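Read-outs throughout are calculated quantities, based only on the coordinates presented, and are distinct from any laboratory measurement. Values in this document were obtained by computation on a predicted structure and should not be read as measured data. Neighbour counts are summed over all protein chains in view; Cβ atoms, including those assigned to glycine, are modelled from backbone coordinates with ideal geometry.
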Amino acid sequence: MDSAAGSCNACGATGTALMKLSLGKDFFGRIYDRLSPSTDQSPKWYCEACSMQKNLQRDFRDISAEIDKLVAGQTSELSKPDEFQRATLRVREIVALLDTVQNRSSLLTSAEVTRLLERLNTVTVPA
Ligand SMILES: [Zn+2]
């Protein structure tokens, strides 16, 4: 697909700069396996607002998955106090950023992120 003639894969915007998103590493610095997720087999193109949200969504998903593990008593990146701190700050940042973007796509809603922040606030990290 020609990026100039394409449309944003998330909100359908046309006639705007589109960027191909490459998700190389996840929030915790682990290499993201591009071959496993079925959604990553074809390149996607997003307009600026959606590509930002897509990045936020990726971090949101990484942190959500890790808090699920933590709550289940499994090994989690969030059991490290510094990672937990970093993740909490990032989620707060995502809440703030979502408030400033025009939310034309439904990649990520501030309600979802607020719920994640509430979950982080109720978890006690082992010191
Ligand atoms: Zn878009």
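A straight Cα-to-Cα reach below 20 Å connects Lys80 with the lysines Lys25, Lys69, residues fewer than 8 places away in its own chain not being considered. A prolate overall shape is assigned to the range 74-114, the ratio a/c of its alpha-carbon gyration tensor axes (a ≥ b ≥ c) being 1.5 or greater and a/b exceeding b/c. Per-residue Cβ neighbour counts within 10 Å put Val91, Val101 in the sequence Val101, Val91, beginning with the fewest. A straight chain from Thr100 to Asp82 at 0.36 nm per residue would run longer than the Cα-Cα distance by 3.7 nm. Using Cβ counts within 10 Å as a stand-in for footprinting exposure, how do Leu18, Leu98 rank, fewest first? Fewest to most other Cβ atoms nearby, the residues stand as Leu98, Leu18. By the beta-carbon count within 10 Å of each Cβ, the least crowded to most crowded order of Thr14, Thr75, fewest first, is Thr75, Thr14.
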